[in-house]
Each structure stands twice: as structure tokens, then as C-alpha cells.
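**Student:** Please read through the structure below; I'll follow up with questions.
Laboratory data are not the source of any read-out in this text; all were calculated from the coordinates shown. This is a predicted model, so every value here is computed, not measured.
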Amino acid sequence: MTTIQLVHLAHARSGDKGDTANVGVIAYRPEDYDLLRERLTSERVKAHFGVMVQGAVERFELPNLGALNFLLHGALGGGGTMSLMNDAQGKVFSTGLLRMEIEVPDDVAAACRGRGRVPEGWSPEQYGVSG
């Protein structure tokens, strides 16, 4: 097994509704969807964001799209019209989630490493999220 950042295995989009951020994670390759389903649990996503997500994390599976959708409740400080947060609409939660590290089989890591773009010198600690 090898540890890689999720960005090499999938891409993501995020947005908001009120105080809830919405993050869709889509596998680059259909054959990697089951690996995402196994490794990307609601509990792991909540732990990854730590105190940034005050409420529950819900996960919805979209197998026909090779995607998972997460609702991060209590993540936006009240939402766009209520919050003083820099990103009260949740647009950067997808980038934050793609920095999560997951274990994958060595052959999967070899096939996908370098596919995603990670800024040089980036570390999760500087943004207050876990690796």
C-alpha cells in the first residue's frame, strides 16, 4: 500500500446551501470508484476538516457517475449572508478535501501519481486541516 493525496485519484467541485458546504468527488477512472467508496467515509472527511465542520458529514453515492457527494453541515459560519468567513460559500472545500491523504494499492498509486496538481511546498497544517 502507498499513501497519496486524493487529488491524484479524483477531481472535485464544491458549493453551498445556507450553512452547509456541498463537495462532489469524482474518480478520474471508473475502476477507482470502489476505492473511493471504501476510503472516503463521512468519518474520515469530518476528521480531515476538523473544527472547520461543526456539524455532521453526510455521504451520498452516485455510482453511475463514479462520484461521491458530501454535505458538510455547520461548515460556513451561518452561510453567505450571515458569516464573516473568507469563503462563506464553501468554494474551496473541494480543494481542501483533495489534499486528504489516502492509502491505495501500489499499482493504483503508480497509475495515478502526478495526475493531480499540488502546489509546490503545500502542507495541510498551514491551512488547519489534517493530512
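**Student:** Expressed as a fraction of 2.2 N^0.38 Å, the rule-of-thumb size for a compact globular protein of N residues, what is the C-alpha radius of gyration of segment 1-45?
**Tutor:** 1.27
**Student:** Semi-axes of segment 22-66's equivalent ellipsoid from the Cα gyration tensor, sqrt of 5 times each eigenvalue, largest first, rounded to whole Å?
**Tutor:** 22, 10, 8
**Student:** Follow-up question, since we're still on this one. From the backbone phi of segment 43-55, what are the Karplus-calculated ³J(HN,Hα) couplings (6.51 cos²θ - 1.76 cosθ + 1.60, θ = phi - 60°) in whole Hz, Gly and Pro given as x?
**Tutor:** Working through the residues one at a time gives 5, 5, 5, 4, 5, 4, 7, x, 5, 5, 10, 7, x Hz.
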